[in-house]
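Working notes for the structure below.
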Amino acid sequence: MSVEVFRVDSVSKAFGGRSVLKAASFWAWEGRITALLGRNGSGKSTLLRVAVGEVGARGGVVRYLSEAYERPRLALLARRGLYYLEERARLPNTFSIRVHLELICKKFGGQPLDEVVAGLELEDLLEKKVHECSEGEARRAALAAAVVRAPRCLLADEPFMGIAPKDEAMVAAALRDLAARGTAIVTTGHEVPALLRTADEVIWCVAGTTHGLGPPQEAQSHPEFVRDYLGWQSQG
């Protein structure tokens, strides 16, 4: 039976008097991928940043591995197995991609490095530094750092951003394989078809709050979600 690994309940956040989140929530279950979807400015990334303590919130609570945190801190959560892949996350330029991934693998002993490299087709990039890579290549290398660590929970903000359409299936497969190994995953983004194909569950972020819509096939038959989000996407 799947175990709930991470939950954020009823958080609110305003910037400069403008309310972005009002009693918003999300959750992550062992071995499952949850897609947090919503329009630009709906608060998806803010909700993830609140969850890891990068942004303070008014009210609400974060629960990770059954422990409640009124003021979560990323360093503490990371020590307990959480990995936060930020929207613009890139590996540092200090070393080659190979060295970075080898150091992570050595320290955390996650997935076999050669499998991760092959799965994300990084073989030809290993001797490069990130500044020598395209946006999509750099993003795949950053995702590889998360996958090779095999975290207990992965919060991946925009994992498909900058990824070429031909490579979306590769990224989706890496996330699905990580979930199959037991990682609880939450993703966001605007690459709706790729996210819906990858996810086990959809949460809709709208009007400052969130609604669990169930599996993707159920979400795609939800009248308001189809009209106000999927319909808006098709017009964009």
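A few points about this structure:
- Number of residues in the stretch 1-21 that are crowded, with 17+ Cβ neighbours inside 10 Å and either more than 11 Å from Leu47 (Cβ to Cβ) or hydroxyl-bearing (Ser, Thr, Tyr) (or both): the value is 4.
- A single entry from Ala173, Ala144, Ala179 fulfils the requirement of being in contact with a Lys or Arg (Cβ under 7 Å, 6 or more places away or on another chain), touching a residue at least 12 places away in the same chain (Cβ under 8 Å) and in a helix (DSSP H, G or I): Ala179.
- Pair list, Cβ under 6 Å, 6 or more apart: the stretch 86-108 residue of a type in the set (Lys, Arg), other residue not in a loop (DSSP other than H, G, I, E, B): Arg90/Val130; Arg90/Ala138; Arg90/Ala142
- Residue satisfying all of: in the stretch 55-83; hydrophobic (A, V, I, L, M, F, W, C) and in a loop (DSSP other than H, G, I, E, B); farthest from Phe15 (Cα to Cα) among these: Leu65
- Leu175 surrounded by 15 or more Cβ atoms within 10 Å (Cβ to Cβ) and over 14 Å from the mean Cα position of the chain (by Cα): no
- Only one of Val52, Val117 that is touching a residue at least 12 places away in the same chain (Cβ under 8 Å), hydrophobic (A, V, I, L, M, F, W, C) and under 30 Å from Ser12 (Cβ atoms): Val52
- Within the stretch 63-82, the only residue that satisfies the criterion of being buried (at least 22 other Cβ atoms within 10 Å of the Cβ) and either in contact with a helix residue (DSSP H, G or I) (Cβ under 6 Å, 6 or more places away or on another chain) or hydroxyl-bearing (Ser, Thr, Tyr) (or both) is Tyr64.
- Filter result for Leu154 (touching a residue at least 24 places away in the same chain (Cβ under 8 Å), part of a helix (DSSP H, G or I) and of a type outside the set (S, T, N, Q)): no
- Residue that is surrounded by the fewest Cβ atoms within 10 Å (Cβ to Cβ), among those in the stretch 182-199 that are out of contact with any Lys or Arg (no Cβ under 7 Å at 6 or more places or on another chain) and part of a helix (DSSP H, G or I): Pro193
- Tally of residues being charged (D, E, K, R) and in contact with a strand residue (DSSP E or B) (Cβ under 7 Å, 6 or more places away or on another chain) across the stretch 181-227: 2
- So Ala89, is it under 23 Å from Ala51 (Cα atoms), in a helix (DSSP H, G or I) and either modelled with pLDDT of 95 or more or not basic (Lys, Arg) (or both): no
- Residue pairs whose Cβ atoms lie under 8 Å apart, separated by 6 or more positions or on different chains, with the first residue in the stretch 25-38 and of a type in the set (Lys, Arg) and the second surrounded by 19 or more Cβ atoms within 10 Å (Cβ to Cβ), are Arg32/Ala179; Arg32/Ala184; Arg32/Ile185; Arg32/Glu201.
- Only listed residue being buried (at least 17 other Cβ atoms within 10 Å of the Cβ) and part of a helix (DSSP H, G or I), chosen from Glu224, Glu168: Glu168
- Residue ID - nearest to the chain's Cα centre (by Cα), chosen from residues in the stretch 13-49 that are within 22 Å of Arg227 (Cα to Cα) and not in a strand (DSSP E or B): Lys44
- Single match in Leu154, Leu143, Leu125 (criterion: crowded, with 22+ Cβ neighbours inside 10 Å and within 14 Å of Arg98 (Cβ to Cβ)): Leu125
The values are calculated or read from the model by the stated rules, or taken from the named source; none is laboratory data. As the structure is a computational prediction, the values presented were derived from the model and not from experiment. Every residue, glycine among them, receives a Cβ derived from its backbone with ideal geometry; neighbour counts consider all protein chains shown.
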